[in-house]
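Here is the structure we will look at, set down as structure tokens.
The values are calculated or read from the model by the stated rules, or taken from the named source; none is laboratory data. Quick caveat: nothing in here was measured; it's all calculated off a predicted structure. Ideal geometry is used to build each Cβ from the backbone, glycine not excepted, and the neighbour counts take in all protein chains shown. Ligands, DNA and RNA are excluded from the accessible area calculation, which covers all protein heavy atoms including side chains. Shrake-Rupley method; radii C 1.70, N 1.55, O 1.52, S 1.80 Å.
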Amino acid sequence: PIPCVPWQSQTSGQYQRRVHGDFANGAQIIFDQFLSSCESKWLRQCGLVVLMPHGYEGGGPEHSSCRMERFLQMTDDDPSVIPEKNGHTQIQIQRCNWQFINCSTPANYFHALRRQVKRNFRKPLLVASPKSLLKLRQCVSPKEDFLEGSSFKRVIPANEMACAAESVRRHIFCTGKIYYELIAELEMKGIDHIAVSRLEQIAPFPFDTVQEELERFPNAELMWVQEEPKNMGAWAYVQPRFYTTLLRGIQRDIPVLYAGRKVNPSPATGFPKQHKAEIEEFMERSKQLLNSSMN
């Protein structure tokens, strides 16, 4: 089918309610039995776009997480194999069962949907996105990012640093709205030796663009920062792929550090005070790691 068909988890009646990606689990049978294997098992292409609001904003365990770890676990790209480089990314996506993105700019979200329609093949597109970015003033895109010559960015590079690239002590990768929180924290603390890159397309993993980013800062430590618990979110998916990029791509044997919420059986707490305390705790741990890298 040529049209772009979106589906958003949890709608009600004529008017769309406050929706949350958590309720996508009501369609888990469809994800498991059809969408994740529509080509390999059913020999059918599907271009469905699944919109799942996702973000830790104090809404509680049923209003925070779309359980991205479940979808990433079902992604069939090999974590230990770097795909061959080519002029475009169609081959890697054609070989993968679906795509999972978490866009942090309006322009990138626009290009993700446009790319979905313009392709000459179809793949399911899973979109996790926080509601808070709809009203965040920093989350804007210039007009040029929508015009001719612009395209979807699987990785948004770190901003140019005040110091030389060789002097960057730590290189952070993250995805989603936590980028803006990290940047605000670093600016408030006056830390200018830390680069922050955004992983916009989580799956299939963009080995080539991640490698290009890592090569920009040859002396920096690598850290993954997320707002989800350690046993959830993208950590289990990206960690082995970062190691593959480091060891087989740029031949660097360094650890991939983690900063985020601790392991938890529930996606989020239902108590606002505890939610705030958790943010302060893991952001403080992030700052301690960041500051210690500069000593």
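Summary value for region 97-146: 53 percent relative contact order, contacts being C-alpha pairs under 8 angstrom separated by 6+ residues. Over the residues of the chain, the helix contribution to mean residue ellipticity at 222 nm works out to -8500 deg cm²/dmol, using -39500 (n - 2.57) for each DSSP H run of at least 4. Per residue, region 180-295 exposes an accessible area of 44 Å² to a 1.4 Å probe, with every protein chain left in place. Let a ≥ b ≥ c be the square roots of the eigenvalues of the Cα gyration tensor of region 113-197; is it rounded (a/c under 1.5), or, if not, prolate (a/b larger than b/c) or oblate? Verdict is prolate for region 113-197. For region 84-154, the set of trypsin sites (Lys or Arg not before Pro) satisfying both a DSSP loop assignment and a count of at most 12 other C-beta atoms within 10 Å is given as Lys85, Lys135, Arg137. Using a Gaussian network model of the chain in which every pair of alpha carbons under 10 angstrom is joined by a spring, one finds that among Ile279, Ile29, Ile202 the greatest mean-square fluctuation is at Ile29. Please work out whether region 154-219 counts as rounded, prolate or oblate from its C-alpha gyration tensor, where a ≥ b ≥ c are the square roots of the eigenvalues and a/c under 1.5 means rounded, while otherwise a/b larger than b/c means prolate and anything else oblate? Oblate, since a/c reaches 1.5 and b/c is not below a/b. On the chain, 53 percent of the accessible area sits on carbon and sulfur atoms, based on a 1.4 Å probe. Pairs exceeding 23 Å between alpha-carbon atoms, taken from Lys131/Lys276; Lys41/Lys118; Lys230/Lys276; Lys189/Lys276; Lys118/Lys143: Lys41/Lys118. Stretching the chain fully between Val117 and Ile91 yields a gain of 7.7 nm (0.36 nm per residue, less the alpha carbon separation).
Between amide H atoms placed 1.01 Å from N, distances below 5 Å from Leu222 occur with His171, Leu257, all of them 5 or more places distant or on a separate chain. Using only the C-alpha atoms, the convex hull of the chain corresponds to 150 Å³ per residue.
Neighbours of Glu221, meaning other residues whose beta-carbon lies under 9 angstrom from its beta-carbon, give a summed charge of +2 when Lys and Arg score +1 and Asp and Glu score -1. Each of Tyr243, Val263, Gln274 was placed along the dipole of region 228-289 (beta-carbon charges, centred on the mean Cα), and the one lying farthest toward the positive end is Tyr243.
The simple spin-label model puts a point 7 Å past each Cα toward its Cβ; for Asp78 and Asn264 those points are separated by 3.7 nm.
A run of the chain free of exposed loop cleavage sites, with chymotrypsin sites (Phe, Trp or Tyr not before Pro) counted only in DSSP states other than H, G, I, E and B and at most 10 other beta carbons within 10 Å, reaches its longest extent at 122-295. Shape of region 135-251 from the C-alpha gyration tensor: rounded (a/c under 1.5, with a ≥ b ≥ c the square roots of its eigenvalues). Annotation: amide H-H contacts under 5 Å for Val196 (H modelled 1.01 Å from N, sequence separation of 5 or more, or interchain): Asn159, Ile172. Here Ser37 and Ala164 are evaluated by their C-beta separation; at R0 = 51 Å the FRET efficiency comes out at 0.60. Maximal additional length on extending the Ile279-Gln45 stretch stands at 80.1 nm, based on 0.36 nm per residue less the C-alpha distance.
Charged side chains reduced to their Cβ positions (Lys and Arg at +1, Asp and Glu at -1) give the chain a dipole of some 760 debye around its Cα centre. Toward the positive end of the charge dipole of the chain, with +1 on the Cβ of Lys and Arg and -1 on the Cβ of Asp and Glu, the farthest Cα among Phe173, Met232, Ala184 is that of Met232.
Around the amide H of Phe100, modelled in the peptide plane, lie the amide H atoms of Leu126, Ile202, Ala203, all under 5 Å away and 5 or more residues distant in sequence or on another chain.
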